[in-house]
Amino acid sequence: MRRLGLSLYPEHSTLDEDKKYLDTASKLGYSRIFASLLELGADKDKTINRFKETIAYANKLGFVTIVDMNPKLFKSLDITYDDLSFFHELGAYGIRLDEGFSGMEEAKMTHNPFGLKIEINMSSGTHYLDNILSYHPDTNNLLGCHNFYPQRYTGLGEEFFIKWSNFFKDRNIHSAAFVSSHTATFGPWPVQDGLPTLEDDRDLPIGTQVKHLLLSGVVDDVIIGNTYASDEELKEAAEAFYSPYPVLKVDFAKDTTDLEKEVILKSTHVYRGDASDYLLRSTMTRVVYHDGNFPAHDTQDIKRGDIIIVNEDYGQYKGETQIGLKDIPNDGRRNVVGHLNEKEAFLLSYIKPWSSFKLSE
């Protein structure tokens, strides 16, 4: 089961604020929480009770909470990997190990009697997971989650992200990664450059970040790393996450006709399987709109990311939707009716032959 999540930092917020945030998110389909317990503060019991209150309220709404921990806190709380009752009493669904043990301890922890999930760091770039697997964990209780990166220019690169996400996917380990809100004001530390997993996502709209992670096809859950995302961002991320098809944004040319906009926006497009290097073809629109009028206009040369309607000078191909994959000359038989939005144009690389997608204004 894929989940859309958010992050809470109870040591930096109030219970009332957290409840309000959870109420809004719950109605939009959010169902998991990343909660950081890396710092206990001066009053250990107060911090723990605050976590219990937040998690108890979240559990009533159907959320699952994974608590971020490190080995140092295990020691300060007198927790051993043989006895995880502390987290069960906290109401947690699982524990994320910010830093790992030797591999044997993680494997033993997955056999806990409470069914607590043990989530490990996916961003280390090592074969740490294979070490854990060699000790025969209960893989039903083993999860992976990437890091987030508060410091600008330190987030993961695409190639690294794909490689190590696939490392977990190939071993059937459920996975997660972070996107970043632009309205949130805090995370675990007082650094405010956002909290994404991927560096290239840092300044993108939150919905675009979600689409990027999902279209990569290598992670299951998506979590907003910083707190609190605005109501608009929560909605935008949820719409992207739960959309039955990827939806890419289009900026239309000013002379685009109402019929052309209808073809682009109302169709569920299918990338034709006999793929060209030059054009992505969505051919069913020429069947559905074969009686439509598509006079020639905006027939300038085609750039990658251009949205095209074949005009009536091309005979039976009239009304076909295409997207430019390479810069090519236009002989006047293709109308350039718009262009993929500059923030989302890079997502074109993730649309594959025979996959379906939609376009929005």
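The values are calculated or read from the model by the stated rules, or taken from the named source; none is laboratory data. Because the structure is predicted, anything quoted here is derived from the model rather than measured. Neighbour counts are summed over all protein chains in view; Cβ atoms, including those assigned to glycine, are modelled from backbone coordinates with ideal geometry.
Within region 236-256, if we keep just the residues that are without any contact (Cβ under 8 Å) to a residue 60 or more places away in the chain and surrounded by 17 or more Cβ atoms within 10 Å (Cβ to Cβ), the residue that is farthest from VAL287 (Cα to Cα) turns out to be GLU236.
Being under 18 Å from the mean Cα position of the chain (by Cα), among the aromatic types (Phe, Trp, Tyr) and within 28 Å of THR54 (Cα to Cα) narrows it down to one residue among TYR149, TYR93; which is it?
Numbers: TYR93 fails: under 18 Å from the mean Cα position of the chain (by Cα).
None of the others qualify; the one that does is TYR149.
PHE357 fulfils the conditions (1) within 17 Å of THR285 (Cβ to Cβ); (2) part of a loop (DSSP other than H, G, I, E, B) except for a single criterion, (2). Out of curiosity, is THR126 modelled with pLDDT under 95 and farther than 25 Å from TYR9 by Cβ? Yes.
Across region 95-138, the qualifying residues are those that are surrounded by 15 or more Cβ atoms within 10 Å (Cβ to Cβ) and among the small types (Gly, Ala, Ser), and the one among them that is nearest to SER85 (Cα to Cα) is ALA107.
Residues being among the hydrophobic types (A, V, I, L, M, F, W, C) and touching a His at 6+ places or on another chain (Cβ under 7 Å) are entirely absent from region 282-291.
Among residues of region 304-329 being of a type outside the set (S, T, N, Q) and loosely packed, with under 13 Cβ neighbours inside 10 Å, the one that is farthest from GLU344 (Cα to Cα) is GLY315.
Screening the candidates ASP16, ASP78, ASP23, ASP45 for the property of being in a loop (DSSP other than H, G, I, E, B), in the same structural domain as SER134 (by TED's automatic domain parsing) and loosely packed, with under 13 Cβ neighbours inside 10 Å yields one hit, ASP78.
Would you check if there is a residue in region 157-170 being surrounded by fewer than 19 Cβ atoms within 10 Å (Cβ to Cβ), assigned to a loop (DSSP other than H, G, I, E, B) and touching an Asp or Glu at 6+ places or on another chain (Cβ under 6 Å)? Within region 157-170, none of the residues are surrounded by fewer than 19 Cβ atoms within 10 Å (Cβ to Cβ), assigned to a loop (DSSP other than H, G, I, E, B) and touching an Asp or Glu at 6+ places or on another chain (Cβ under 6 Å). Taking into account only those residues within region 48-72 that are under 27 Å from SER102 (Cα atoms) and among the charged types (D, E, K, R), which is surrounded by the most Cβ atoms within 10 Å (Cβ to Cβ)? The selected residue is ASP68. Looking at GLU159, GLU233, just one residue is more than 23 Å from LYS117 (Cβ to Cβ) and either in contact (Cβ under 8 Å) with a residue 60 or more places away in the chain or under 15 Å from the mean Cα position of the chain (by Cα) (or both), and that residue is GLU233.
Going through region 257-293 one residue at a time, which ones are within 18 Å of LEU215 (Cβ to Cβ) and either surrounded by 19 or more Cβ atoms within 10 Å (Cβ to Cβ) or aliphatic (A, V, I, L, M) (or both)? Matches in region 257-293: HIS269, VAL270, ALA275, LEU280, SER282. The set of residues in region 48-75 being within 18 Å of CYS145 (Cβ to Cβ) and either in contact with a Cys (Cβ under 7 Å, 6 or more places away or on another chain) or not in a helix (DSSP H, G or I) (or both) consists of PHE63, VAL64, THR65, ILE66, VAL67, ASP68, MET69, ASN70. Checking GLU342, GLU320, GLU312 one by one, the residue that is in contact with a helix residue (DSSP H, G or I) (Cβ under 7 Å, 6 or more places away or on another chain) and acidic (Asp, Glu) is GLU320 and no other. Going through region 279-312 one residue at a time, which ones are over 29 Å from the mean Cα position of the chain (by Cα), of a type outside the set (A, V, I, L, M, F, W, C) and either within 17 Å of GLY338 (Cα to Cα) or assigned to a helix (DSSP H, G or I) (or both)? Once the filter is applied, which keeps residues that are over 29 Å from the mean Cα position of the chain (by Cα), of a type outside the set (A, V, I, L, M, F, W, C) and either within 17 Å of GLY338 (Cα to Cα) or assigned to a helix (DSSP H, G or I) (or both), region 279-312 yields THR285, ARG286, PRO295, HIS297, ASP298, THR299, GLN300, ASP301, ASN311, GLU312.
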